[in-house]
1. Within the range 201-235, count every residue that is open to solvent by 40 Å² or more (accessible area, probe 1.4 Å), touching a residue at least 12 places away in the same chain (Cβ under 8 Å) and in a loop (DSSP other than H, G, I, E, B).
2. I'd like the full set of residues that are open to solvent by 10 Å² or more (accessible area, probe 1.4 Å), part of a helix (DSSP H, G or I), out of contact with any helix residue (DSSP H, G or I) (no Cβ under 9 Å at 6 or more places or on another chain) and touching a residue at least 12 places away in the same chain (Cβ under 8 Å), limited to the range 157-200.
3. Cβ contacts < 6 Å: first residue in contact (Cβ under 8 Å) with a residue 60 or more places away in the chain, restricted to the range 266-281; second residue in a helix (DSSP H, G or I) and buried (at least 18 other Cβ atoms within 10 Å of the Cβ), any location; separation 6+ or different chain. Result?
4. How many residues does the range 58-76 contain that are in contact (Cβ under 8 Å) with a residue 24 or more places away in the chain and crowded, with 16+ Cβ neighbours inside 10 Å?
5. So the check is Cβ under 8 Å with 6+ separation or different chains; which pairs have a first residue in the range 101-114 that's over 13 Å from ASN46 (Cα atoms) and a second one that's hydroxyl-bearing (Ser, Thr, Tyr) and surrounded by fewer than 16 Cβ atoms within 10 Å (Cβ to Cβ)?
6. Being out of contact with any Asp or Glu (no Cβ under 7 Å at 6 or more places or on another chain) and in a helix (DSSP H, G or I): is that true of ALA34 here?
7. Does ASP100 satisfy the condition of being crowded, with 16+ Cβ neighbours inside 10 Å and modelled with pLDDT of 95 or more?
8. Exactly one condition in (1) over 24 Å from LEU5 (Cα atoms); (2) surrounded by fewer than 18 Cβ atoms within 10 Å (Cβ to Cβ); (3) at pLDDT 95 or above is false for ARG253; which is it?
Amino acid sequence: MKKGLILEGGAMRGLFTAGVIDVMMENNIEFDGAVGVSAGAAFGCNYKSGQIGRVLRYNTRFCRHPQYCGLRVLLRTGNFYSTDFCYGEVPLVHDVFDFDAYEKNPMEFYVVCADIETGEAVYHKYEGRHDHVFEWIRASASMPLVSQIVEIEGRKLLDGGIVDSIPVRFFESIGYNRNIAVLTQPKDFVKIENSLMPLIRWKYKAYPKLVEAMAIRHEVYNETLKYVKKREAAGELYVIRPETELPLSRVEREPEKLKKAYEIGRETAEKQIGKIKEFLT
């Protein structure tokens, strides 16, 4: 049996995920591997490094910092979340990411990115500091329209959620057969077509496969949700999700709202911790 952890994105809705994974770490729950998409990658890597509380700590500390994120950062750098500050100064200076612990932990950690030239998903096993430092994480979390394209090893990459928001099928395909998925939307959520498609078609006209993927993203997502619910009903997948819509925006900058989403994640996991352990054993 291979135990896997699957982490959906959702930008700052990922504080819910942070609360869930902190509770699981506190309860010494171990996985053979994890896969994160977008914020699921940026926050989930802390599971492999064992850094309980880090996601909440640095986000609430810096979410209103003028160099961290915002329209001014976007206009100045081309990224809503600053590359230099978010993926350089914060994890290397202010709230240091424990690369030693990450690299010693045998748990595999995959990130999902979108190849904008092929319109397909790239699943990369992220090895740590010698694997382009945080560039794979940044690529996975680079939201279209508000992020620059990230180039790694000849590939042009953006947010993995464009092509595979909940990579259950991927993990099953590589042998993970006892999986827990942490989602950031309630059970009745249905994704609708992106209202910014005209702008997307204009901005990414040089990448028709990307435009095509984004045009059907809602259909792919909703079909994946049906598969998730089917696997959940069969007892083959355990899903942790908020009961209602989380009380914050994707690019939330209010510390108290971030803390609230985190606490909802903690409360959700604490209520289910017995079932989680039972499912994994």
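1. Here the count works out to 1.
2. Restricting attention to the range 157-200, the residues satisfying the condition of being open to solvent by 10 Å² or more (accessible area, probe 1.4 Å) are 163-165, 169-170, 172-175, 177-178, 185-196, 198-199.
Now restrict to residues that are part of a helix (DSSP H, G or I): 169-170, 172-173, 198-199.
Right, trim to out of contact with any helix residue (DSSP H, G or I) (no Cβ under 9 Å at 6 or more places or on another chain) and you get 170, 173, 198-199.
Passing the criteria: PHE170, LEU199.
3. Partner pairs satisfying both residue conditions: ARG266/GLY19; ARG266/VAL23; ALA269/VAL20; ALA269/VAL23; GLU270/VAL23.
4. 8
5. none
6. Working: out of contact with any Asp or Glu (no Cβ under 7 Å at 6 or more places or on another chain): yes; in a helix (DSSP H, G or I): no.
No: the conditions fail for ALA34.
7. Judged against the criteria, ASP100 is not a match.
8. (3)
The values are calculated or read from the model by the stated rules, or taken from the named source; none is laboratory data. Computed from a predicted model, the values in this text were never measured in an experiment. No Cβ is skipped: glycine too gets one built from the backbone with ideal geometry, and neighbour counts run over all protein chains shown. These accessible areas exclude ligands, DNA and RNA; they are computed on the full protein's heavy atoms, side chains included. Shrake-Rupley method; radii C 1.70, N 1.55, O 1.52, S 1.80 Å.
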